[in-house]
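Take a look at the structure below.
Each value in this text was obtained by applying a stated rule to the coordinates, not by laboratory testing. Here the structure is a predicted model, which is why all the values come from computation and not from measurement. Note: ideal-geometry Cβ built from the backbone for every residue, glycine included; neighbour counts use all protein chains shown.
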Amino acid sequence: MIRIVIAEDHNLVRQGIRALLEQSGEVQVVAEAATGEEAIQSVQEHQPDVIVMDLSMPRLDGAQAAERIIDMKLATQIIILSMHADTTMVQQLLRLGVKGYLLKDAVTEELMLAVHSVSQGKLFLSPTISDSVMTMLLSPSDNMAETAADLLTPREREVLQLVGEGHTNNAIAEMLKISVKTVEKHRANLMTKLEVNDLASLIRESIKQGLILLDG
């Protein structure tokens, strides 16, 4: 049996994914999570073979959670679910060590194929992400290129996600248990690194580069 954690913030979608997996008779869902933080805790506690995780989750998104899970150096493989074939984000996730990227509109047909592949350490991307795109993403020149995501620290990415969700500096400080001055410093660093001068431009550029993940 393949042991799986499901991380998805919409309960109905999460239950649908669980039903798809369990009807195969080949997997055991050992835990469910509704946030990136819960996903990390579930992986730490259960050490599953695979985690199936939504890319767009509040506070700590799937990419940030994936990075922390990979840093644990466990055997758990990661499948990311997304509404969009965002090549920038796919590249970032592959470079982190994520093994699977599925488009949500193809989950019914592809989920178990992906689970089998990644549980064996193989890569699985939705076929609608074309071969030419995959070749580009995995080329040595791309792997060596420094992207905006590479320049940001994990804390800066957390702050950026919360800024993109519309939280104030005070709210972000409370959520992350840091001072308001520290939040302001992170925001200033983000603007410098992304070469923008105001909040609207910061959010627009971050969305363009796949650094902010909006629900949906």
Given 37 °C, 0.692 mPa s and a Kirkwood radius over Cα pairs, the Stokes-Einstein diffusion coefficient of the range 148-208 in µm²/s is 288
For Ile212, the residues 5 or more places away or on another chain with a placed amide H closer than 5 Å to its own amide H are Ile207
Taking a straight Cα-to-Cα line shorter than 18 Å from Lys193, and setting aside same-chain lysines fewer than 8 residues away, one finds Lys185, Lys208
Taking His186, His46 and counting other beta carbon atoms within 10 angstrom, the fewest-first order is His46, His186
Residues whose modelled amide H sits under 5 Å from the amide H of Val27, counting only those 5 or more places away in sequence or on another chain, are Ile2
Taking Lys and Arg as +1 and Asp and Glu as -1, residues besides Ile80 with C-beta under 12 Å from its C-beta add up to -3
Residues whose modelled amide H sits under 5 Å from the amide H of Met83, counting only those 5 or more places away in sequence or on another chain, are Lys104
Counting every C-alpha pair in the chain, the percent lying more than 30 Å apart is 22
So, with points 7 Å from each Cα along the Cβ direction, the Glu26-Lys177 label distance in nm works out to 4.1
Excluding residues fewer than 8 positions from Lys99 in its own chain, the aspartates and glutamates with Cα under 13 Å of it are Asp49, Glu67
Packing-ranked peptide list from 91-99, 26-34, 172-180, highest mean Cβ count within 10 angstrom first, is 91-99, 26-34, 172-180
Once the in-chain neighbours fewer than 8 apart are removed, the aspartates and glutamates whose Cα is under 20 Å from Lys181 read Glu156, Glu158, Glu165, Asp198
Quick note, the range 43-116: a/c under 1.5 would make it rounded; otherwise a/b > b/c is prolate and the rest oblate (a ≥ b ≥ c, C-alpha gyration tensor); here it is oblate
